[in-house]
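These notes are about the structure you will find just below.
What follows draws every value from the coordinates through simple rules; no lab data is involved. Small disclaimer: the values here were computed from a predicted structure and weren't measured. A quick note on method: Cβ atoms are made from the backbone with ideal geometry, for glycine too, and the neighbour counts reach across all protein chains shown.
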Amino acid sequence: MKFFLLTAALLSQPFLTAECIAQTASISSDHYQEVLFEDDFSAKQLSKQWGMYKSASTIRDGVMVGITPEDADHPSVNTIRIEPQSDLEVSLRFRFKESKRFSIMYRDRECKSSHAGHICHVAITPKSLTMYDGKTGIFRLDIRNLRKAKQKLDDSLVAMLKTKSSRHNLDLDPEKWHTLIIRIQGDAMETLIDDQFVGRFESEGLAHPRKDQVNITTTQREILYDDFQIKATGKSK
C-alpha cells in the first residue's frame with residue numbers, strides 16, 4: 001500500500017514518466033567542487049564573458065532573454081569559455097516563451113573529428129529531454145558531411161546513431177520557471193529537472209577530456225534564463 005501511495009504521488013508530478021521513476025541519480029553533486037562561472041543576470045547587460053553567435057540575446061528584468069534574430073540562418077548561441085575539463089555540472093533556471101526549444105551544448109574548439117568541435121548536448125522542449133553524444137554521433141565529421149550533402153546513410157550508420165542519444169518524455173508547464181541540472185562524469189550524463197531525476201545516458205564521446213565551451217542555444221525567440229552556473233571537479237584536464 002505504501003508503494004502504491006508513493007508511486008501515485010510521483011506520477012502526480014507534472015513532468016515525471018514511469019520511465020523516469022524507474023531510475024535514480026547516481027552521479028553525486030559532491031563530485032563538483034569548483035565553480036568555474038556563474039551569472040544571475042542582475043547586471044544591465046550581458047557581461048563580456050558571454051560570447052555571441054547569430055544572437056540578439058539580452059538582459060531584461062534581471063534574466064537573460066535568448067533571442068535568435070529574425071533573419072538568422074542559425075539558432076542563437078551564447079557561449080562561456082572555460083579551462084578545459086572532462087567532468088562538469090551545469091545548472092540554470094529556464095522558462096519557455098514564444099520559443100519552445102533550447103539546448104545546452106558542450107564543445108572543444110580543438111576537436112577536429114566533430115563538426116565545430118561539438119562533443120555532447122542536451123535538448124529541452126516542454127514535452128521531451130534528449131541527451132546526445134555528438135562527437136561519435138550526429139556531429140561526427142563524416143556523418144555530418146553525408147547529411148549535409150543529403151546522402152543516404154547506410155543501415156549500419158542509422159543503427160549506430162540510434163545508440164548515440166537518449167530521449168525522455170516530459171510534460172512541463174511552459175508558463176512556469178523550471179530548474180535544469182546536467183552532470184557529466186566520465187562516459188555518463190545524468191539530468192534533473194526541478195530536482196527530480198529525468199534520465200541517465202552512457203556513451204564514449206561524453207568522456208572527451210577537453211570541454212572548453214558551454215553554449216546556451218536558443219531556437220527562434222524567446223526563452224528566459226536565470227541563475228546559470230558551471231561547476232567542475234577542481235581538476236583541470
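Between Leu36, Leu46, Leu153, the residue with the greatest mean-square fluctuation in the GNM of the chain (Cα pairs under 10 Å linked by springs) is Leu153. Within the same chain, lysines fewer than 8 places from Lys97 are excluded, and of the rest, those with a Cα less than 30 Å from its Cα are Lys44, Lys48, Lys54, Lys127, Lys164, Lys176, Lys211, Lys231. A dipole drawn for the chain from +1 and -1 charges on Cβ atoms has a positive end, and of Gly234, Asn169, Ser28 the residue lying farthest that way is Asn169.
Around the amide H of Glu222, modelled in the peptide plane, lie the amide H atoms of Lys97, Glu98, Ser99, all under 5 Å away and 5 or more residues distant in sequence or on another chain. Considering only Arg144, Arg81, Arg95, the Gaussian network model of the chain with Cα springs below 10 Å gives its largest mean-square fluctuation to Arg144.
For the range 36-152, the orientation-averaged shadow of the C-alpha convex hull comes to 8.9 nm² (one quarter of the hull surface). Cα centroid separation, the range 129-164 to the range 55-98: 25 Å. Phi-derived couplings, Karplus 6.51 cos²θ - 1.76 cosθ + 1.60 at θ = phi - 60°, listed residue by residue for the range 112-129: 9, 8, 10, 4, 6, x, 5, 9, 7, 7, 10, 10, 10, 10, x, 10, 7, 10 Hz, with x used for Gly and Pro.
Counting helices only, and only those DSSP H runs with n ≥ 4, report the 222 nm mean residue ellipticity of the chain as the sum of -39,500 (n - 2.57) divided by its residues, in deg cm²/dmol to the nearest 500. The partial results should precede the final answer.
Working: 4 runs with 29 residues, N = 237.
Here the helix-only value at 222 nm equals -3000 deg cm²/dmol.
Is the range 70-134 rounded, prolate or oblate when judged by the Cα gyration tensor, a ≥ b ≥ c being the square roots of its eigenvalues, rounded requiring a/c under 1.5 and prolate requiring a/b larger than b/c? Walk me through the numbers before you get to the answer.
Working: a/c = 1.82, a/b = 1.43, b/c = 1.28.
Taking the square roots of the gyration eigenvalues as a ≥ b ≥ c, the range 70-134 is prolate.
Let a ≥ b ≥ c be the square roots of the eigenvalues of the Cα gyration tensor of the range 15-232; is it rounded (a/c under 1.5), or, if not, prolate (a/b larger than b/c) or oblate? Don't jump to the answer; show the numbers that get you there.
Numbers: a/c = 1.34, a/b = 1.18, b/c = 1.14.
It is rounded, given that a/c, with a ≥ b ≥ c, falls under 1.5.
Karplus-based coupling profile of the range 142-156, in residue order and whole Hz: 5, 5, 4, 5, 5, 5, 5, 7, 6, 8, 6, 7, 6, 4, 5, with θ = phi - 60° in 6.51 cos²θ - 1.76 cosθ + 1.60 and x standing for Gly or Pro.
Suppose every K and R has +1 on its Cβ and every D and E has -1 on its Cβ; what is the size of the dipole of the chain about the Cα centre, in Debye to the nearest 20?
Working: 34 positive and 33 negative charges, 151 e Å.
With Lys and Arg at +1 and Asp and Glu at -1, about 720 debye.
Straight-distance candidates among the aspartates and glutamates for linking to Lys100, with alpha-carbon spacing under 12 Å and chain neighbours fewer than 8 residues away dropped: Asp173, Glu175, Glu222. Taken one residue at a time, the phi angles of the range 160-172 give Karplus couplings (6.51, -1.76, 1.60, θ = phi - 60°) of 5, 4, 5, 8, 9, 8, 9, 9, 10, 6, 10, 8, 7 Hz. Gly and Pro are set to x.
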